[in-house]
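Asks: Pasting a structure here, questions to come.
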Amino acid sequence: MVSRLTRQGYEAYLVGGCVRDLLIGRRPKDFDVATSAHPRQIKRLFHNGRIIGRRFRLVHIHYGSQIIETATFRRDPESRAPGEGEPEEEGEERGLEHLLITEDNEYGTAEEDARRRDFTVNALFLDPVRNEIIDYVEGLRDLEAGLLRTIGDPKVRIAEDPVRILRAVKFATRLGLRIDEPTWDAMTELAPALSRSSAPRVVEEILKLLRSGSSLGALRMLRALGGLRVILPMVDAYLGDPENAADTERANLFWRLLEALDNDVHQGYVPSNAVCLALLALRTIEREADPRTRTLGGEPKSLEQVASEVLEPLAQQARLGRRDCSRAMRLILLQPRFTQPTSRRFRPLLFVKSEEFPEALELFRIRTLARGQGWDVYEGWLERQQAAGAASAEEIASERKQSKPRRRRRRRPAGPADA
């Protein structure tokens, strides 16, 4: 693909995370291309391409199930040339808000494109035709030193796009990089600006953190810099005061869930959105369902009502999809069934054959790992799941019939004819 662009006279390179990952010996999840060709010029060369985006127009080029994201070289908007817009002491907050990027479609050169990116380790270009690394921002030096550093003034870079705080946390914890001090200070100072960021992008980054295999370190780091109370205040409130022994003990229950999740992810598990949201809300729901630890007003009611009390504000605060939240609530409400004895109203075969069972079992496995006990119960349900795969339609129909409550015949009152 790069060679086709260069044959047509355009400049083109592999760029960003794929170059960084190749250099540190990791397998890239995807490949991105930056080029001097404009979106419509790219589209004319690749009939399997599709132009997407408003704030940032680029071309997705499809090769079977793989998508190569192809972007035109960009530069800083003319309204603020590089180095300008530095906040002064007076009116600093207004100056930082002014830096927020809302459009990003001003085209430039390869060097201008590199210098407007977020972190030095993400601004390396690779020419695969010449097998040459192009480095305008000392990204190679930082990568060798294991350092994560913004390009240019950290306050300006973070203020332009506060979601870069979440990206920095992701790169630092997933790749084992150390965040340099000025960048960390800017992240801490500007964490409140996350409230102004695009909600879908914030949610996307949270889900990436939970699926990264380093969610424990990522959420701890996010809390240390003050970002957790901005984007997930419910979780931050549950964790309480780190200086308080009782709060620390309670917080460890949450951290153990994330540790168990990370262990599963390292084994190849990819949690769904619903499982991720259920893990974020589970400990708070358990706390609010217990009269001894409840912090919300009134006495706790049913588990379903408590789950709604917790998840609905979470959905509003993070502007999460209603479908994912509803499914997360359902997975939490199904957890007691794993330890429920068989009865006329509860038939394990029907539970195993239900649509939500696979995700509910995944959540139960993570809870079991976090508790460090009950693994035999989990394995028992695995065996039931395997046996259910061979169950006939007649057996399932019989289970449904037996699970229906019996209709009690009403006795007719005695009348004169019965006397």
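Asks: Mind listing whichever residues of region 232-275 are in contact (Cβ under 8 Å) with a residue 60 or more places away in the chain and among the basic types (K, R)?
Replies: R256 - this is the single residue of region 232-275 that is in contact (Cβ under 8 Å) with a residue 60 or more places away in the chain and among the basic types (K, R).
Asks: With (1) closer than 23 Å to A34 by Cα; (2) free of Cβ contacts under 8 Å to residues at least 60 places away in the same chain as the list, and L140 as the residue in question, which single condition is left unmet?
Replies: (2)
Asks: Could I ask something else about it? Report whether or not H98 is within 30 Å of H47 (Cα to Cα), assigned by TED's automatic domain parsing to the domain that holds G17 and modelled with pLDDT under 95. Explain how you work it out, then say what you get.
Replies: Details: within 30 Å of H47 (Cα to Cα): no; assigned by TED's automatic domain parsing to the domain that holds G17: yes; modelled with pLDDT under 95: yes.
So H98 fails the test.
Asks: Go through region 362-379 and give me each residue that's in contact with a Phe, Trp or Tyr (Cβ under 7 Å, 6 or more places away or on another chain) and polar (S, T, N, Q). Full working, then the answer.
Replies: Just the residues of region 362-379 that are in contact with a Phe, Trp or Tyr (Cβ under 7 Å, 6 or more places away or on another chain), to begin with: 364-365, 368, 377-378.
Across region 362-379, the qualifying residue is only T368.
Asks: Taking into account only those residues within region 1-16 that are within 23 Å of G64 (Cβ to Cβ) and in a loop (DSSP other than H, G, I, E, B), which is modelled with the lowest pLDDT?
Replies: So, considering only residues that are within 23 Å of G64 (Cβ to Cβ) and in a loop (DSSP other than H, G, I, E, B), the one modelled with the lowest pLDDT is M1.
Asks: Now for a different question. With respect to A307, determine if the residue is crowded, with 19+ Cβ neighbours inside 10 Å, under 26 Å from D236 (Cβ atoms) and of a type in the set (G, A, S).
Replies: yes
Asks: Identify, from the list G152, G146, the residue that is more than 14 Å from G226 (Cα to Cα), more than 20 Å from the chain's Cα centre (by Cα) and modelled with pLDDT of 95 or more.
Replies: Result of the check over G152, G146: G146.
Asks: Of the residues that make up region 118-132, is at least one surrounded by fewer than 16 Cβ atoms within 10 Å (Cβ to Cβ), over 30 Å from N263 (Cα atoms) and either among the aliphatic types (A, V, I, L, M) or not assigned by TED's automatic domain parsing to the domain that holds Y13 (or both)?
Replies: Yes, there is a match, as at least one residue in region 118-132 is surrounded by fewer than 16 Cβ atoms within 10 Å (Cβ to Cβ), over 30 Å from N263 (Cα atoms) and either among the aliphatic types (A, V, I, L, M) or not assigned by TED's automatic domain parsing to the domain that holds Y13 (or both).
Asks: Something else about it: Determine whether A168 is among the small types (G, A, S), free of Cβ contacts under 8 Å to residues at least 60 places away in the same chain, within 18 Å of R117 (Cα to Cα) and buried (at least 21 other Cβ atoms within 10 Å of the Cβ).
Replies: Yes.
Asks: Does R157 qualify as being of a type outside the set (S, T, Y), assigned to a helix (DSSP H, G or I) and at pLDDT 95 or above?
Replies: Criteria not met by R157.
Asks: Among residues belonging to region 332-386 that are touching a Ser or Thr at 6+ places or on another chain (Cβ under 8 Å) and not in a helix (DSSP H, G or I), point out the one that is nearest to V275 (Cα to Cα).
Replies: G374
Asks: Here's something else I'd like to know. Can you tell me which residues in region 17-70 are in contact (Cβ under 8 Å) with a residue 12 or more places away in the chain, in a helix (DSSP H, G or I) and not small (G, A, S)?
Replies: Of everything in region 17-70, those that are in contact (Cβ under 8 Å) with a residue 12 or more places away in the chain, in a helix (DSSP H, G or I) and not small (G, A, S) turn out to be C18, V19, R20, L22, L23, P39, Q41, I42, K43, L45.
Asks: Then there is this: Identify, please: which residue in region 106-135 is under 31 Å from the mean Cα position of the chain (by Cα) and assigned to a loop (DSSP other than H, G, I, E, B) and is, among those, farthest from R26 (Cα to Cα)?
Replies: E106
Asks: Something else: Can you list residue pairs whose Cβ atoms sit under 7 Å apart, with the first residue in region 294-309 being closer than 21 Å to R337 by Cα and the second being surrounded by 12 or more Cβ atoms within 10 Å (Cβ to Cβ) and modelled with pLDDT under 90? Count only pairs 6 or more apart in sequence or on different chains.
Replies: Pairs that qualify, where the first residue is closer than 21 Å to R337 by Cα and the partner is surrounded by 12 or more Cβ atoms within 10 Å (Cβ to Cβ) and modelled with pLDDT under 90, are V306/P300.
Asks: With region 166-270 as the region, which helices (runs of 4 or more DSSP H) entirely inside it contain at least 2 residues that are closer than 29 Å to A289 by Cα and either touching a Pro at 6+ places or on another chain (Cβ under 7 Å) or not assigned by TED's automatic domain parsing to the domain that holds R371 (or both)? Before the answer, list the steps.
Replies: Numbers: elements: 181-190, 199-210, 215-224, 228-231, 233-239, 245-266.
The qualifying helices (runs of 4 or more DSSP H) are 199-210, 215-224, 228-231, 233-239, 245-266.
Asks: Could you look through region 18-46, keep only residues that are under 25 Å from E138 (Cβ atoms) and in contact with a Phe, Trp or Tyr (Cβ under 9 Å, 6 or more places away or on another chain), and pick out the one that is surrounded by the fewest Cβ atoms within 10 Å (Cβ to Cβ)?
Replies: Only one residue tops the list, namely S36.
The values are calculated or read from the model by the stated rules, or taken from the named source; none is laboratory data. Here the structure is a predicted model, which is why all the values come from computation and not from measurement. Heads up, the Cβs are rebuilt from the backbone with ideal geometry, glycines too, and the neighbour counts pull from every protein chain shown.
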